[in-house]
Amino acid sequence: DTGVSQDPRHKITKRGQNVTFRCDPISEHNRLYWYRQTLGQGPEFLTYFQNEAQLEKSRLLSDRFSAERPKGSFSTLEIQRTEQGDSAMYLCASSLSWGSGNPYEQYFGPGTRLTVT
Amino acid sequence: AQSVTQLGSHVSVSEGALVLLRCNYSSSVPPYLFWYVQYPNQGLQLLLKYTSAATLVKGINGFEAEFKKSETSFHLTKPSAHMSDAAEYFCAVSTGFQKLVFGTGTRLLVSP
């Protein structure tokens with residue numbers, strides 16, 4: 001078990017470009033969450049999946065944002081037509097939703113820091 | 001809706017002193033409460049959690065927190081601060097298998 005991984009760790013893009021981030025959860029975890037963290041703030045929930053189904057989306061997730069988890073394993077988060085306000089750390093977390101483990105615990109990846117110039 | 005308030009964006013202590021980081025929550029249903037720590041340019045690491053069992057919860061690195069329903073609080077403490085404790089600490093609330101709602105964080109500064 002290598003933990004939650006995210007790629008890339010850093011991304012610099014110009015305003016108006018599209019970007020895509022990838023998250024690989026802990027292998028046996030069926031839930032996957034995306035959060036966004038801006039400087040000096042706590043993480044804010046964006047969306048989450050149970051297996052391949054997207055169960056909840058925040059109002060923060062404008063129609064420029066789309067997330068997928070096509071086979072219930074890794075997930076991608078795409079931002080279209082990036083804006084300077086999209087600059088933030090994008091965090092991925094995973095958890096179980098049942099079982100004898102720790103279903104309430106979300107394990108976080110190292111994050112992808114996006115800078116929009 | 002659930003929310004968390006962390007009092008004090010910065011807390012400074014001397015090495016060896018008591019650490020107290022404050023967290024108050026608001027929830028219309030019995031909450032699950034968490035403390036996470038974040039080191040610079042890293043993700044969040046779970047310190048401890050309250051999930052309706054014992055009200056005094058012990059976590060990693062000598063931290064503990066007490067759930068007080070009457071005060072809607074879940075303050076984080078450590079008897080003796082270490083230099084390596086310097087980091088950002090986040091309190092979070094959820095209803096269980098759901099999203100986490102985080103506070104704005106408290107930066108702990110530890111001086112020699």
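The values are calculated or read from the model by the stated rules, or taken from the named source; none is laboratory data. Note that the coordinates shown come from a computational prediction; the quantities given were computed from them, not determined experimentally. Neighbour counts run over all protein chains shown; Cβ positions are idealised from the backbone, glycine included. These area figures cover heavy atoms from the full protein model, side chains too; ligands, DNA and RNA do not enter into them. Shrake-Rupley method; radii C 1.70, N 1.55, O 1.52, S 1.80 Å.
Observations
- Count of segment A:37-49 residues, restricted to those that are open to solvent by less than 50 Å² (accessible area, probe 1.4 Å), within 11 Å of chain B (Cβ to nearest Cβ) and part of a strand (DSSP E or B), is 5.
- Residue within segment A:51-64 that is without any contact (Cβ under 8 Å) to a residue 12 or more places away in the chain, under 16 Å from B:Gln45 (Cα atoms) and in contact with a strand residue (DSSP E or B) (Cβ under 8 Å, 6 or more places away or on another chain) present: no
- Entirely in segment B:1-59, the strands (runs of 3 or more DSSP E) that have 1 or more residues that are basic (Lys, Arg) and open to solvent by less than 70 Å² (accessible area, probe 1.4 Å): B:44-50
- Entirely in segment B:62-112, the strands (runs of 3 or more DSSP E) that have 3 or more residues that are open to solvent by less than 40 Å² (accessible area, probe 1.4 Å): B:73-78, B:87-94, B:106-111
- Enumeration of residues in segment B:45-66 that are modelled with pLDDT under 95 and in contact with a Pro (Cβ under 9 Å, 6 or more places away or on another chain): B:Tyr50, B:Ser52
- As a summary of the residue check, A:Pro110 satisfies the conditions (1) assigned to a strand (DSSP E or B); (2) open to solvent by less than 50 Å² (accessible area, probe 1.4 Å); (3) within 14 Å of chain B (Cβ to nearest Cβ) except for the one numbered (1).
- Being part of a strand (DSSP E or B), at pLDDT below 95, of a type outside the set (Lys, Arg) and open to solvent by less than 80 Å² (accessible area, probe 1.4 Å) holds for only one residue in A:Gln54, A:Gln6, and it is A:Gln54.
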